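These notes concern the structure reproduced below.
The values are calculated or read from the model by the stated rules, or taken from the named source; none is laboratory data. Small disclaimer: the values here were computed from a predicted structure and weren't measured. Cβ: placed from backbone, ideal geometry, glycine included. Neighbour counts: every protein chain shown.
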């Protein structure tokens, strides 16, 4: 029997959002520089996708992502994440680490800064282990 296919929820120059049949949202960042408006739109639509499906888990594929700017990191940490937790019920994030060392470091800072919220993040080198961890999480 074939596994149901994921469906594309949103796409722009910064990345794509997929709805996975296993019950989580997949956020894929594109390589290269980002425009702040496109970055914010991508994350805003990610929270909307979780809310629409009442899903609390996300696979964040940062493998091709360039480093976050200080403004992007500040907005994501202090505005987007608290709103995603409060309004969309976001609880679990499995992060596929970026190849870019500066993006990797920014992710580590974000994960440390997010500890005050009820969101649990884990970082992974492989997609299989990230998905397996997400599927183990119960809410």
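Just to verify a result, which residue in region 54-65, among those that are surrounded by 19 or more Cβ atoms within 10 Å (Cβ to Cβ) and outside any strand (DSSP E or B), is nearest to the chain's Cα centre (by Cα)? Top of the filtered list is 62. Please work out which residue is nearest to the chain's Cα centre (by Cα), limiting yourself to region 4-30 and to residues that are modelled with pLDDT under 95 and more than 22 Å from residue 89 (Cβ to Cβ). The qualifying residue nearest to the chain's Cα centre (by Cα) is 5.
Here the condition is being more than 28 Å from residue 135 (Cβ to Cβ) and either surrounded by fewer than 20 Cβ atoms within 10 Å (Cβ to Cβ) or free of Cβ contacts under 8 Å to residues at least 60 places away in the same chain (or both); of 25, 37, it holds for 37 alone.
Residues 83, 138: which one is under 20 Å from residue 41 (Cβ atoms) and either free of Cβ contacts under 8 Å to residues at least 40 places away in the same chain or assigned to a loop (DSSP other than H, G, I, E, B) (or both)?
83
Restricting 50, 1, 76 to residues that are buried (at least 19 other Cβ atoms within 10 Å of the Cβ) and modelled with pLDDT under 95 narrows the list to 76. Of all the residues in region 40-53, those that are within 12 Å of the chain's Cα centre (by Cα) and either over 11 Å from residue 89 (Cβ atoms) or not in a helix (DSSP H, G or I) (or both) number 6. Count of region 86-107 residues, restricted to those that are loosely packed, with under 15 Cβ neighbours inside 10 Å and either in contact with a helix residue (DSSP H, G or I) (Cβ under 6 Å, 6 or more places away or on another chain) or touching a residue at least 12 places away in the same chain (Cβ under 8 Å) (or both), is 4.
Would you say residue 15 is surrounded by 16 or more Cβ atoms within 10 Å (Cβ to Cβ), in contact (Cβ under 8 Å) with a residue 12 or more places away in the chain and closer than 22 Å to residue 102 by Cβ? Considered against the rule, which asks whether it is surrounded by 16 or more Cβ atoms within 10 Å (Cβ to Cβ), in contact (Cβ under 8 Å) with a residue 12 or more places away in the chain and closer than 22 Å to residue 102 by Cβ, residue 15 comes out as yes.
Can you name every residue in region 1-39 that is under 23 Å from residue 136 (Cβ atoms) and assigned to a strand (DSSP E or B)? The answer is 17, 18, 19, 20, 24, 25, 26, 27, 28.
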